[in-house]
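The values are calculated or read from the model by the stated rules, or taken from the named source; none is laboratory data. These numbers come from a predicted model, not from an experiment. Here Cβ is always computed from backbone atoms with ideal geometry, including for glycine, and neighbour counts include all displayed protein chains. Only protein heavy atoms, including side chains, enter the accessible area calculation; ligands, DNA and RNA are left aside. Shrake-Rupley method; radii C 1.70, N 1.55, O 1.52, S 1.80 Å.
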Amino acid sequence: MGWMTWNYFADNIHEKDIREMANAMVTSGMVEAGYNYIFIDDGWQGGRDSRNNIIADPKKFPSGIKALADYLHRNGMKLGIYSDAAQLTCAGYTASLGFEEQDAKTFASWDIDYLKYDYCHAPLDSVTSVARYTKMGNALRKSGREIVFGVCEWGQRKPWHWAAQAGGQLWRTTYDIRDKWKNLSSEGNAEGVLDILDVNATLHDYAGPGRWNDADMLVVGLYGKPGPSGDMGGVGMNDTEYQSQMSLWSIMASPLIATNDLRNMNEATKRILLNKEVIAVNQDALGKQAERKVHDGTWDVLVKPLANGDVAVAILNRSEKTKNYKMDWEKLGLSGSFEVRDLWEHKTTGKGKSWKGQVRAHETKILRLKKSE
Ligand code: GLA
């Protein structure tokens, strides 16, 4: 869990802004709720020095990356950084191909905790991509520091089959998220919440502790802000839809990576990002990704078993109208009677062998079921 620079700042990053965001991450309660990584995305690089060591842009990071890492560590946070398995990154900055070991050692010397490794400007075939990720995975392992490895080739070569072997702990499953509910074919390789859901939900078998399907950043609170997530039809969503993204990403055990302005969050954004009962479903120790048990055009129902024997259930109304729904737990393979807690209402709403309720257009209910007999 954490906060990533990309969709708020794009590559216009500066250590001062990142420190401000880190401070806001503490004062807003985000760190306490579990969001403890700050991820620097693309745009930090300033080329290589005379010994080919990768360096940060001195205008953007006048105190250096190590000083930022120290600052975050002192304040209970961790630092992620970004590179790419080619000569240049997606935004055209210096990347790591041919310098994997040297860059991994540099990152370790800066006390970096996480590397997002992208795949722009690299050959499309799987063999090359597996080899390039394995090379960086091994380099990180030998770097002398534990650095989490995030594979980011957008699901194009089915990384759920090979990225863990290459050293990855998580892998993006789709192209970049935009701030929208659903992509139109005219909008290109852009992904809305439903598009990502429909890919990611089919991959539950591949997730588990230390190996996660990464459904990309939470666009909660961006409201169509111009920038990467505002491109390609990213006109913004309403709070019901943002709440759905939080519910769905949580039940799918995706990393929760905010990217909005933490310094200025409205009440709705705070309520969504800081819902501890929903976060507990995401972070549950059993580490299961929910299985989608219903997918009929109108309703999606996802079911996630939890470590203490409870079961989380998400009910999404994909239609454009408020509708009533009834679900017999038996139909989800859950026999017996359950006490049901609505994790958005923060209250127990009933007990029995089924659930009945009204779900608004694009709303996702997230319920926690406790066996009651
Ligand atoms: C790719 C990634 C994004 C972001 C940008 C940075 O598009 O998928 O998440 O890192 O590159 O340039």
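Before I look further, what does the chain give for accessible area per residue, probe 1.4 Å, in whole square angstrom? Please report the intermediate quantities before stating the final value.
On the way: 14780 Å² over 373 residues.
On a per-residue basis, 40 Å².
Using DSSP to call loops (not H, G, I, E or B), can you name the GluC sites (Glu not before Pro) in the stretch 129-236 whose Cβ has at most 12 other Cβ atoms within 10 angstrom?
Numbers: sites: E146, E153, E187, E191; in loops: E146, E153.
Filter output for the stretch 129-236: E146.
Quick one: what are the phi-derived ³J(HN,Hα) couplings along the stretch 179-195, Karplus 6.51/-1.76/1.60 with θ = phi - 60°, whole Hz, x for glycine and proline?
Along the stretch 179-195, the couplings run 7, 7, 6, 8, 7, 9, 4, 5, 9, x, 6, 10, 10, x, 4, 5, 5 Hz.
Run the 1.4 Å probe and let me know the accessible area of D216, rounded to the nearest 10 Å².
10 Å²
Which shape class, rounded, prolate or oblate, goes with the chain when its Cα gyration tensor gives a ≥ b ≥ c as root eigenvalues, a/c under 1.5 marks rounded, and past that a/b bigger than b/c marks prolate?
Working: a/c = 1.85, a/b = 1.72, b/c = 1.07.
Cα axes put the chain in the prolate bin.
Taking Cα atoms, how many degrees apart are the long axis of helix 239-251 and the longest axis of the chain, rounded to 10 and kept between 0 and 90?
For helix 239-251, the angle is close to 80 degrees.
With an 8 Å Cα cut-off and a minimum separation of 6 or more residues, compute the relative contact order for the stretch 291-371 in percent. Please list the in-between numbers first.
Values: 180 pairs, mean separation 27.0, N = 81.
That works out to 33 percent.
Taking Cα atoms, how many degrees apart are the long axis of helix 15-27 and the longest axis of the chain, rounded to 10 and kept between 0 and 90?
The helix 15-27 is inclined about 30 degrees to the chain.
About its Cα centre, what dipole magnitude does the chain give when the only charges are +1 on Lys and Arg Cβ and -1 on Asp and Glu Cβ, stated in debye to the nearest 20?
Numbers: 47 positive and 48 negative charges, 171 e Å.
It comes to approximately 820 debye.
Determine the distance separating the Cα centre of the stretch 1-44 from the Cα centre of the stretch 252-317; give it in Å without decimals.
21 Å
R0 = 30 Å: FRET efficiency of D49 with Q165, Cβ-based, nearest 0.05? Let's see the in-between values first.
Values: r = 33 Å, r/R0 = 1.12.
Computed FRET efficiency for D49 and Q165: 0.35.
Please give the net charge around G76, taking every other residue with its beta carbon less than 15 angstrom from that of G76, where Lys and Arg add +1 and Asp and Glu add -1.
On the way: positive: R19, R74, K78; negative: E32, D70, D111, D113.
Charge balance in the 15 Å sphere: -1.
Answer rounded, prolate or oblate for the stretch 191-291, using the Cα gyration tensor with square roots of eigenvalues a ≥ b ≥ c: rounded when a/c is under 1.5, else prolate when a/b is larger than b/c, else oblate.
Details: a/c = 2.23, a/b = 1.43, b/c = 1.56.
It is oblate, given that a/c is not under 1.5 and a/b is not larger than b/c.
Please state the relative contact order of the chain as a whole percent: Cα pairs under 8 Å, 6+ residues apart? Don't skip to the answer; put the middle values down first.
Details: 843 pairs, mean separation 45.1, N = 373.
Relative contact order here is 12 percent.
Could you work out how far helix 100-109 tilts from the main Cα principal axis of the chain, as a 0 to 90 degree angle to the nearest 10?
80 degrees
Do any cysteines of the chain lack a neighbour Cys whose Cβ is under 4.7 Å away, and which are they?
Here C152 come out as lacking a disulfide-compatible partner, given the Cβ-Cβ threshold of under 4.7 Å.
Got a number for carbon plus sulfur as a percent of the chain's accessible area, 1.4 Å probe?
Numbers: 7150 of 14780 Å².
Answer for the chain: carbon and sulfur cover 48 percent of the accessible area.
I'd like the distance between the alpha-carbon centres of the stretch 69-135 and the stretch 158-179, rounded to an integer number of Å.
Cα centroid to Cα centroid, the span is 14 Å.
For R211 and H346, compute 0.36 nm times the residue count separating them, minus their Cα-Cα distance, and round to one decimal in nm.
Working: separation 135, 0.36 × 135 = 48.60 nm, distance 3.00 nm.
Extending this stretch completely gives an extra 45.6 nm.
Take the alpha carbon gyration tensor of the stretch 233-311, find the square roots of its eigenvalues, order them as a ≥ b ≥ c, and report rounded if a/c is under 1.5; if not, report prolate when a/b exceeds b/c, else oblate. Intermediate values should be presented prior to the final figure.
Numbers: a/c = 2.42, a/b = 1.36, b/c = 1.78.
It is oblate, given that a/c is not under 1.5 and a/b is not larger than b/c.
What's the FRET efficiency of T202 with E267 using the Cβ-Cβ distance as r and R₀ = 41 Å, to the nearest 0.05? Kindly include the intermediate steps, with their values, before the conclusion.
Details: r = 35 Å, r/R0 = 0.85.
With R0 = 41 Å, the Cβ-Cβ based efficiency is 0.75.
Residues with amide H under 5 Å of G46's amide H, sequence separation 5 or more or different chain, H placed in the peptide plane at 1.01 Å from N; which?
Residues meeting the amide H criterion: I55, A56, D57.
Using DSSP, restrict attention to beta bridges with both residues in the chain and report what percent are antiparallel, rounded to the nearest 5.
On the way: 37 of 62 bridges.
Expressed as a percentage, antiparallel bridges in the chain total about 60.
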